[in-house]
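Trainee: After the structure tokens below, expect a handful of questions from me.
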Amino acid sequence: MCDFNMLSDEEKKAYHEQLLNAAEKFGGKNFFLHLLEAIREAKPHPLVAANREFTMELGQIKWNKVIFNDKLQLLLKARVHESKQNNLLPSEDAKQYKKVLNLVRTLKPIVFHVKPANKEDGPGFFFQPFEVIDEKTTRLNPLFDALFFCAIDTVKKVLNYEAR
């Protein structure tokens, strides 16, 4: 999703609607973008937090399983290849295949709950990190990708996308 310009118009529209829906449930585009900025500024990466949560003044994200740094690093490498092959999993004969497959099996059951600090801002939302298409195809959930990895400018582009 971070290669937004390379996507088809249908994919752009779908990602736009998905992110806009999530942003509205968190209090709007501005609150959502503030959340992203806070995540980008946090060191170490929020996903490796031992308490399984990321909190900021506008809200919080909680998840149900600790993610270790080695899994995060492998995920960062695997997502670079995802955009080229439209699949997080490398080919079965690739050296990294088994490691990435185990990564997917480890992280797939995790559920992320995103809630605004004030209930009046919205109900919040939840999501899982991957979309499993079939046993050989897995993609990063666009929400997961946008929240934790994509450039903020790209997310702004997606949120403000207008179909022509």
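The values are calculated or read from the model by the stated rules, or taken from the named source; none is laboratory data. All of these numbers come straight from a predicted model, not from anything done at the bench. For neighbour counting, all protein chains shown are included, and Cβ atoms are generated from backbone atoms with ideal geometry for every residue, glycine included. Ligands, DNA and RNA are stripped out before the accessible areas are found, and what is left, the full protein with its side chains, is counted by its heavy atoms. Shrake-Rupley method; radii C 1.70, N 1.55, O 1.52, S 1.80 Å.
Trainee: Filter the GluC sites (Glu not before Pro) in the range 76-164 to those in DSSP coil with at most 15 other Cβ atoms within 10 Å of their Cβ, and list the result.
Mentor: Passing sites in the range 76-164 are 92, 135, 162.
Trainee: Determine how large the accessible area of residue 106 is when every protein chain is in place; take a 1.4 Å probe and give Å² rounded to the nearest 10.
Mentor: 40
Trainee: Which of the GluC sites (Glu not before Pro) found in the range 40-69 are in a DSSP loop and have at most 15 neighbouring Cβ atoms, other than their own, within 10 Å?
Mentor: 57
Trainee: Going by accessible area, probe 1.4 Å, with all protein chains left in place, what is the ranking of 71, 84, largest first?
Mentor: So, going from the largest accessible area down, we get 84, 71.
Trainee: On to the next question. Relative contact order for the range 9-160: what is it in percent, counting Cα pairs under 8 Å that are at least 6 residues apart?
Mentor: On the way: 203 pairs, mean separation 42.4, N = 152.
It rounds to 28 percent for the range 9-160.
Trainee: Enter the accessible area of residue 139 (Å², nearest 10), with the probe set to 1.4 Å and all protein chains included.
Mentor: That residue has around 70 Å² of solvent-accessible surface.
Trainee: Let me ask you something else. Would you work out what percent of the accessible area of the range 9-160, with all protein chains in place, is carbon or sulfur (probe 1.4 Å)?
Mentor: Values: 4190 of 8380 Å².
Carbon and sulfur atoms account for 50 percent of the accessible area of the range 9-160.
Trainee: A follow-up question, please. Quick one: accessible area per residue over the range 1-88, 1.4 Å probe, rounded to a whole number of Å²?
Mentor: Spelled out: the 1.4 Å probe surface of the range 1-88, per residue, equals 57 Å².
Trainee: Which label belongs to the value computed from this structure, given these candidates for Rg/Rh (Cα atoms, Kirkwood Rh): (i) 0.98; (ii) 0.96; (iii) 1.03?
Mentor: Correct label is (ii).
Trainee: Something else: Stretch residue 6-residue 137 to full length: gain in nm at 0.36 nm per residue minus the Cα-Cα span?
Mentor: The residue 6-residue 137 span can extend by a further 45.2 nm.
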